[in-house]
Structure formats: structure tokens, C-alpha cells
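This report concerns only the one structure given below.
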Amino acid sequence: MSRIQDAQGVVLTGYISNSEALPTPCINCNDNAEASATSRRTGHYSVQGRPKNASAKPPYNRWNSQDSLDELSMDDYWVEVENIHQSGVQCSDPEQQEEVQLKVADEGEQEEAWLTEAGLATLFDESASDPEDSMVLLSTLTRTQAAAVERRVETLRQTLRKKNKQYHVPDVRDIFKPPGPQGAPLEEAVPEQGSENGKGDVASAGKESSVCKNGAGPVDRGVAELDTALNLDVSFSEQALSSREGSKGTEAQGDADDKLPNFKLLRDKTGTTKVWDLSPQDMKMVRRLVLIEMTALFDTAGVDLKTHKAVKLKVKEYGLFGVPLPNLLEQDQRRMPGAKVPLILQRLICHIEEEGLHTEGLLRIPGSATRVKTVCQELEARFYEGTFPWESLKQHDAASVLKLFIRELPHPLLTVEYLSAFIAVLKLPNKKQQLQALNLLVLLLPESSRDTLKALMEFFQRVIDHKEQNKMTLNNVAVVMAPNIFMFKGFRSKISEQQEFAMATETANIVRLLIRYQNLLWTIPKFIMNQVRKQNMENQKKSRDRAVRKLLKKMAYDREKSEKHEKNAAETDVTQGFIRVQAPQFSKVSMAIQLTEELQASDILARFLSQDSAPSVKREELCLYETGGNIKERCLDEETYMKDLLELNPSAEWVIKSVQH
């Protein structure tokens, strides 16, 4: 690959494994809407036209093909690419525009970066902090996850040996050495999830009779074998290994599927956990486990996956267009505390929806390039002042500005680190594994990218819901938005026409899956949650054994003495079939609730609301939180069965408070 550098700026460097890796709610439209939208700068794209080897196609009938992608449907993709090139819109200083540069990673560098991100830097760097945390993390891994770690450690050891480096990288047999007799095999040291006896019954992983070792109950036999059922109790990579061993393998479903499967989640009585339901401390552990699991899933499928790494890029630090998402959100949060999605993006979406989603060709038909450029300049100058004339902004112009905002982010919305991983999803053998990989990748995204992506996917779905009027089906939206999401500055100049042509259909299919299954992608799988709970318990056990506890014991004595009565009362409640719920915002700040098999979190909220004549917050703004025990803090979905959850976390406390996300 060629290295191109702007003489006036710093470049963004990325790592790729090979040339194939990279190229191969309705948002409230109310008075606060203007405070919740964001925009970014526009950039210059060195965009070619339709690949020379792509012959002209007859017009595509946008109405007949809604659930499949064939060659004819890609015409809109190339038209969109040409529109991007011909628009020539620039809303920011051209001197600040730089091209993303790609660099092949040095041998071993990828493994070091991966282990560091997974929280396992102590395996190659003895000076890294929290070695005990690393060992706790390793103790919770499934067999396939442990194999993924082993593979990276062994590769790093061999690389450093070749380079005569003096780093001490332990042998993988030492890393996963069981606490029992020395030399016991790995499969006994690292019990696989889904195996009741923990002795490595890989073939049973993912089947309906499986029991998750970390607390997951048996799966409903009536639906576990259905193609549309998603099992979140058992590691995805373990399920993939079981599927691979149980058959000779199946080819990935083609682009011309008649209809995408109607996947659904098996109901978990202990509650579904969304990415925004957990505390930052728990999310840190989730992210490390998800990275390991995602890598294990690709390893199991035999897909060589090497992520990129953003190194340095000269960018705007303020404004609307061309500003990194974290900077933009920090800027917006000074005006609207707690903003999760750029205010300009929210406002653009609201404007399009206020004017009506029935406009034919919405997102597909471009706005006037001259008007769009003028709109960008006026937004930069007048948006935060609240004087921009929204009433004069046309639908197609607004949609063009929205797309421009996305593609003009200094770093891709799906991030430099994981862009190639998103594209590689389609190499997995079936739609279920592809969806599982997308679920993990969404959880890996930085919070700013993840929240912005969610707002966009919800907006696209609302556009599709009006397809009778606007003629924009799932495929139409996916095809038009793919180049805006996956193409970043200078990208097309670095790939061949053949790679570009192949990538077009792949990226459109990825966007199609993101839109179609968005309600599932922000869910944290239960097997990950079980591993987090186990890590918390192990960390608590180690903390109790530390010498510092002796110093704190005397300091905590008086406090423990004063709380002893209340604690004993709470324990007595549990033993007698009650839980005590704290509700500081209500006039009745505490209540003993009798446990029954059918008691749900929603019943507890209703109980408090019925006894409080003037609650300070609305019902939809309240949540019952699980705190302490084997979790830091978790917002419960209203269908959580409290008795089942109490069995999973018997030391938890229960608090009703305003939703934090």
C-alpha cells in the first residue's frame, strides 16, 4: 500500500493484516431537540466512479426487493459514491483535512496491543498494573476464549524470541496452570461454559440441555433448536465450535436471501441487560471479555482478524463538522448536560421527521450541492446561537447534510480499530454467527460511537417504516448509507477496483444487518454478565485477604456497628421470603416486599407509585437497581423476576432511583 502524507499535517496511522482485511428511540422533537443534535466537518474524497469492471445495469425496482441484495440493487450505491464525489462540499478548513494512512503492523505488535486492550498486559510486561486482576480475568474464561489468549501469547513469545527481546512472556501452560495437581491439562483448568460438570463437554455447548456453569439455567427445549432463537447463556464461540464439530460446515448465506431470519432472544428470567444498564466499572470488565470473545468467535471460524489502531490525526477541536465525536459531545454537554448524541445530528433527524418521512427518495436523492454547502456554513455560524432558519431547510438538503456529517467524522463512526472487523463479519458461516459478531462489535465501540450509531439506526428504521410513501426499503437505505458509513477520507485511493466492487455489496449487507437487528445488538449476553459476576466475586475475595483490610477494620468498626441492626433486619427479611427495597425519592423510603414466583421489577415500582401521592419523577424515568453482591450496579428491565435474580445474587441490595442513562 502506498503511504500518502499531507505536507501540512500529521497523519492517522492504522494497522492491517493484509490487503483483504479493510478493503475486501424516535429522538424527541421538542423544545430540547435543538440542544441534542451534532454535526461534523465535511471532507474531500478522492472518489472514483463506478468500477471500470462493473458494467452498466438496468434501473433497479426499489419496491420489489426488500429483503435481499442482488447485483441490480447496487446501482444506488455507485450513484451515491458519484454524488459524494461531485458534491465537492467542504464545511471546514481544507488545510486541516488529512487522509487516513494505513500501515502493516510489525510482527508481534498486534498481539501486544490486543493483550493490553484485553487487560492482560501483565502476560508480557511485568511492570503492568493489577496482575491479580489479570489472573482473575483468566480464571473466568471459557475454553475457546482461553484458546484465543493462548494463541496471541504464543505468537508473541515466538516473535520476541526471533527478535532476541528480553521480555519475559510466560509459557501458555503456566498461564492456565490449574490450582490443583501440576501439569493438569488445560481443558480441566478452564471449564467451558455450557458444560454442567466443567470437564470440557464441547459438543454439548449451545444445545438446549446445556447449563451455564456461572449460573445460567437450562434452556427451554421447545425453542432452543429453532434457527431463529439466539442463546445468550452460552458463549458464542463455544456454540460455533459445537456447530462446527456437529457438522461439516455450511456456506455463508448469499446476498440474495429471500428474507432475513427473524431472530429473537430467549427470555431470561433474571432480566435482559442493555449496554447502558451497567456501571462504568462493570462495563470495563464487559469490554475486555467481549474483545476476547469476539476474537475467539473469529478464531473458531478460521477468520484471521487483525484490527487497526488510530495513532495520530490533526483535527478541529471545536465547531460542528469535522470534529471528533468525543470533542463534539464534550462541547454539547456544556449546553445540555448528559447529551449522548451530537446535538446537530439530533436536530437534523428531528427536522427531517417534522417535515415528514413520506418524501420519496429520502436519503437517496441528493440535495443541491450549492445549497448544502451554504447550509453547512450557516450551521457552523448560527446553530449554537439558535438563529439557524430551519423552516427554510428542504428535506433532501437536510438528508444530504446528515450523510455529510457522518462521512466527515475525522475517525470513522465504526472506528479505525474495528472497521475491518465489521467487514469481516460476512466471512462467518451463517447469519446467526454474523449477528453474534455484530453484537460483540457494537459492544466494543466507544460510548460516543455506540450511542450515535444507535440514534442513526433508529432513524433509518423510521424511514423504512414509511416505505409505502418514500419508496425506501431496508435494502435501499442500506445501499445508500453504506458508502457514507464505511468510506472515509482517502479510503478509495488505497484499494483496487476489484476490492472496491467486492466491498460495496459487503458493506451494504453489514448496514442492512445493523438496521434489521438493531434491537438485539445493544444487549450484553448473559454469559458475559455471568463472567463479570464471577470476576467481582473473585476480586472481593482477594480484597478481603489483603493486609490493608486490617488497617481499615478499626476505622469501619463504628460504622458497621451502627449498620448492624439494619443489615440483620434485611437478612432476616430475605430468610423469611422478603426483600427490602430502598426508595429515597419517595415519601416511603423503604419497604419490605414479599417474594413470589411471579414478582417482577415492574410490580415493585407500581407498589411504590401507588402509595406515593406526589412522586417527584415520572414512572418511565424510574428504575429498580440491583447493587452490590456480585455486581456493581445494574438497572433492571421491568420483566425481571426478582426471586430468580435473588438466587443469582443473594447479597444484592435493591434501590429505586431515576434512570442514570
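The values are calculated or read from the model by the stated rules, or taken from the named source; none is laboratory data. What you see is a predicted model; the values in this text were computed from it and never measured. Virtual Cβ from ideal backbone geometry, glycine too; neighbours counted across all protein chains shown. Heads up: the accessible areas ignore ligands, DNA and RNA and are worked out on the full protein's heavy atoms, side chains in. Shrake-Rupley method; radii C 1.70, N 1.55, O 1.52, S 1.80 Å.
Within region 333-346, one or more residues are polar (S, T, N, Q) and open to solvent by 60 Å² or more (accessible area, probe 1.4 Å).
Conditions tested, residue by residue: (1) assigned to a helix (DSSP H, G or I); (2) under 20 Å from D332 (Cα atoms); (3) over 13 Å from the mean Cα position of the chain (by Cα).
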residue: L402; (1), (2), (3): yes, yes, yes
residue: L413; (1), (2), (3): no, yes, no
residue: L435; (1), (2), (3): yes, no, no
residue: V442; (1), (2), (3): yes, no, no
residue: K454; (1), (2), (3): yes, yes, no
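Note on region 600-615: among residues that are open to solvent by 40 Å² or more (accessible area, probe 1.4 Å) and not hydrophobic (A, V, I, L, M, F, W, C), the one that is nearest to the chain's Cα centre (by Cα) is D603.
Taken over region 356-374, residues that are open to solvent by 30 Å² or more (accessible area, probe 1.4 Å) and over 20 Å from Y77 (Cα atoms) amount to 5. Every listed requirement among (1) assigned to a helix (DSSP H, G or I); (2) touching a helix residue (DSSP H, G or I) at 6+ places or on another chain (Cβ under 6 Å); (3) surrounded by 21 or more Cβ atoms within 10 Å (Cβ to Cβ) is met by L379 save one, (2).
Answer yes or no as to whether N530 is under 21 Å from the mean Cα position of the chain (by Cα) and either at pLDDT below 90 or polar (S, T, N, Q) (or both). When the stated conditions are applied, N530 passes them. If F298 satisfies every condition in (1) assigned to a loop (DSSP other than H, G, I, E, B); (2) more than 30 Å from R462 (Cβ to Cβ) but one, which is the exception? Against the list (1) assigned to a loop (DSSP other than H, G, I, E, B); (2) more than 30 Å from R462 (Cβ to Cβ), F298 comes up short only on (1). Within region 500-523, residues that are within 22 Å of W276 (Cα to Cα) reach partners that are open to solvent by less than 20 Å² (accessible area, probe 1.4 Å) and of a type in the set (V, I, T) with beta carbons closer than 6 Å, at six or more positions or on different chains, in the pairs L521/V442; W522/V275. Across region 365-389, the number of residues qualifying as hydrophobic (A, V, I, L, M, F, W, C) and under 33 Å from the mean Cα position of the chain (by Cα) comes to 6.
For region 281-288, indicate whether the set of residues that are within 25 Å of the chain's Cα centre (by Cα), farther than 30 Å from L646 by Cα and open to solvent by less than 20 Å² (accessible area, probe 1.4 Å) is non-empty. Taking every residue of region 281-288 in turn, none turns out to be within 25 Å of the chain's Cα centre (by Cα), farther than 30 Å from L646 by Cα and open to solvent by less than 20 Å² (accessible area, probe 1.4 Å). The condition (being open to solvent by 20 Å² or more (accessible area, probe 1.4 Å), outside any strand (DSSP E or B), touching a strand residue (DSSP E or B) at 6+ places or on another chain (Cβ under 9 Å) and within 20 Å of K274 (Cα to Cα)) is satisfied by just one residue among E597, E620, E639, E633: E639. Among residues that are buried (at least 21 other Cβ atoms within 10 Å of the Cβ), under 17 Å from L402 (Cα atoms) and either in contact with an Asp or Glu (Cβ under 8 Å, 6 or more places away or on another chain) or not polar (S, T, N, Q) (or both), A437 is not included. A residue that is open to solvent by less than 40 Å² (accessible area, probe 1.4 Å), closer than 30 Å to E111 by Cβ, of a type in the set (V, I, T) and modelled with pLDDT under 95 can be found somewhere in region 310-323.
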